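*Asks:* Have a look at this one.
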Amino acid sequence: MAEKDLGYRRVQCTGRGSYIISLPKEWVEDIGLKRGSEIAFNIQPDSTLKLVPRIIMEKEGRDDTSKPKEYFINIDPKEPPQSTLRMIRALYAIGADIIRVHFKNTQDATKNKNEIKNQARDHFLGSEIIDETQDEITFQILIKHSEFPIEKAVRRMAIVALAANRDAIAALKDRSTTLFDSVIIAHNDVNRLGLYIVRQLKHGIERNLYRELGFRTPKEFLLYRIAVNDIESIAQNAMDIINNLGALQKLIDDETLFIKDPIDEEIYNQLVFFSSQAHQLYNDSIKALFKRDYKDAEKLISKREALVPLENELIMLMSSKKLDPNIAAVLRLIFESSRRIMDYSRNMAELTLNRTVEELCSTLTSK
């Protein structure tokens, strides 16, 4: 059908504060719309609105909004479960709604099935087993964006990752299983939230739903992807500290290694203070990101630079002490972890500048 000008329509406001606009009668009748017919509203990159009646999408075979994306994996139980989990992870990230895992050999499937089920529950947010037979498991992803928005998920990721870092530092003095387990659980939670956010971002990119996700421009998809990477790195650094402490404690328990001197209190207290400054900086950078506050983000970059002398003092302090090499290695790992958190804070602040600079400059008038 050739393009046709149907004139202008005036936007009206109902008593409940909703905005409405009438559809051209000629267009409605030509398409065959009736009372109760559905129309899809798609915001375009230039902020124009595209209206697509469901009846047209059905005719063209484009109406897949209500159809779940279903995938089938056919695996050999002799293959390692991690290989299958990586495939499930990839399918989860690209937006699969239903994943059917079929085992070729039912006799050897039991062990792999249990491991895959447990790992899927622990690593894929919203994943539930909806069906299971002797040779097949069916997962369905039930959580939707409206139930857990991206911004809320990023906030939760940051809280959990920083808590893992605090517990890892505390484990240097108190090597209790409670602290070790806490870091491991937090690490898994951060990775699970990160994968969920990647899934939601991909869904939004494919359907141009940046406004529905709370973004003002499509460019913000990249910003949140970078944020997720940084937060996952914070949790991974905490996990590295715990792994090193665990290996150290095993050597001590096996009497392979003897540590004469306890943890130096001065260094430990300085590390704790340095870490607290890093955490505060990161929390402030997250707040600036969500507030879209250009000025606060700019101040945070200056604050990061102001913490360099404190960083140098701690380096000099650790260098001046005669420490057991094994303890010194863990102390350096903790120091580097906190320093990276400060650098991630700067990254986040710079992302906020990039996110808001156009809005700020467009409101300024030249003289």
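Rundown of residues vs (1) buried (at least 19 other Cβ atoms within 10 Å of the Cβ); (2) of a type in the set (Gly, Ala, Ser), yes/no style:
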site	(1), (2)
185	no, no
189	yes, no
196	yes, no
214	no, yes
222	no, no
226	no, no
233	no, yes
236	no, no
242	yes, no
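*Asks:* Do you know which residues across the stretch 36-50 are surrounded by 12 or more Cβ atoms within 10 Å (Cβ to Cβ) and not in a loop (DSSP other than H, G, I, E, B)?
*Replies:* First pass over the stretch 36-50, keeping only residues surrounded by 12 or more Cβ atoms within 10 Å (Cβ to Cβ): 37-40, 42-43.
Within the stretch 36-50, 39, 40, 42, 43 meet the criteria.
*Asks:* Against the condition surrounded by fewer than 16 Cβ atoms within 10 Å (Cβ to Cβ), touching a residue at least 12 places away in the same chain (Cβ under 8 Å), assigned by TED's automatic domain parsing to the domain that holds residue 86 and of a type in the set (A, V, I, L, M, F, W, C), how does residue 129 come out, does it pass?
*Replies:* Numbers: surrounded by fewer than 16 Cβ atoms within 10 Å (Cβ to Cβ): yes; touching a residue at least 12 places away in the same chain (Cβ under 8 Å): yes; assigned by TED's automatic domain parsing to the domain that holds residue 86: yes; of a type in the set (A, V, I, L, M, F, W, C): yes.
Yes; evaluated as a whole, the condition is true for this residue.
*Asks:* Follow-up question, since we're still on this one. Would you mention how many residues in the stretch 290-329 are within 28 Å of the chain's Cα centre (by Cα) and of a type outside the set (S, T, N, Q)?
*Replies:* Within the stretch 290-329, the first condition is being within 28 Å of the chain's Cα centre (by Cα), and the residues that meet it are 290-305, 307.
Within this subset, residues satisfying the condition of being of a type outside the set (S, T, N, Q) are 290-301, 303-305, 307.
The number of residues fulfilling the criteria is 16.
*Asks:* Which of the residues that make up the stretch 132-187 are part of a loop (DSSP other than H, G, I, E, B) and among the small types (Gly, Ala, Ser)? Steps first, please.
*Replies:* Taking the stretch 132-187 as the starting set, the residues that turn out to be part of a loop (DSSP other than H, G, I, E, B) are 134-135, 142-144, 148-149, 171-176.
Within the stretch 132-187, 171, 176 meet the criteria.
*Asks:* Further question on the same structure: Scan the stretch 51-106 for residues that are surrounded by fewer than 17 Cβ atoms within 10 Å (Cβ to Cβ), β-branched (Val, Ile, Thr) and either at pLDDT below 75 or within 17 Å of residue 198 (Cα to Cα) (or both) and report the count.
*Replies:* The qualifying residues number 3.
*Asks:* Mind checking which pairs have a first residue in the stretch 24-40 that is charged (D, E, K, R) and a second that is loosely packed, with under 13 Cβ neighbours inside 10 Å and not in a helix (DSSP H, G or I), Cβ under 9 Å, 6 or more apart or different chains?
*Replies:* 26/4; 26/6; 30/1
*Asks:* Check residue 173 against each of (1) surrounded by fewer than 20 Cβ atoms within 10 Å (Cβ to Cβ); (2) farther than 26 Å from residue 331 by Cβ and name the one condition it does not meet.
*Replies:* The failed condition is (2).
*Asks:* I want to confirm something. Restricting to the stretch 258-289 and keeping residues that are over 21 Å from residue 169 (Cβ atoms) and surrounded by 14 or more Cβ atoms within 10 Å (Cβ to Cβ), which single residue is farthest from the chain's Cα centre (by Cα)? Steps first, answer last, please.
*Replies:* Within the stretch 258-289, the first condition is being over 21 Å from residue 169 (Cβ atoms), and the residues that meet it are 258, 260, 287-289.
Then keep just the ones that are surrounded by 14 or more Cβ atoms within 10 Å (Cβ to Cβ); that gives 287-289.
Values: 287: 16, 288: 18, 289: 15 Å.
Of everything passing the filter in the stretch 258-289, 288 is farthest from the chain's Cα centre (by Cα).
Listed here are the residues, each with its yes/no results for (1) touching a residue at least 24 places away in the same chain (Cβ under 8 Å); (2) on the phi < 0 side of the Ramachandran plot; (3) in contact with a Ser or Thr (Cβ under 9 Å, 6 or more places away or on another chain); (4) in the same structural domain as residue 291 (by TED's automatic domain parsing).
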{"residue": "320", "(1), (2), (3), (4)": "no, yes, no, yes"}
{"residue": "332", "(1), (2), (3), (4)": "no, yes, no, yes"}
{"residue": "339", "(1), (2), (3), (4)": "yes, yes, no, yes"}
{"residue": "348", "(1), (2), (3), (4)": "yes, yes, yes, yes"}
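*Asks:* Please verify whether residue 144 is farther than 30 Å from residue 113 by Cα and either more than 18 Å from the chain's Cα centre (by Cα) or modelled with pLDDT under 90 (or both), treating the condition exactly as stated. Break it down stepwise before answering.
*Replies:* Details: farther than 30 Å from residue 113 by Cα: no; either more than 18 Å from the chain's Cα centre (by Cα) or modelled with pLDDT under 90 (or both): yes.
Answer is no for this residue.
The values are calculated or read from the model by the stated rules, or taken from the named source; none is laboratory data. Please read these numbers as outputs of a predicted model, since none were measured by experiment. Counting neighbours? That spans all protein chains shown, and the Cβs are built from the backbone with ideal geometry, glycine included.
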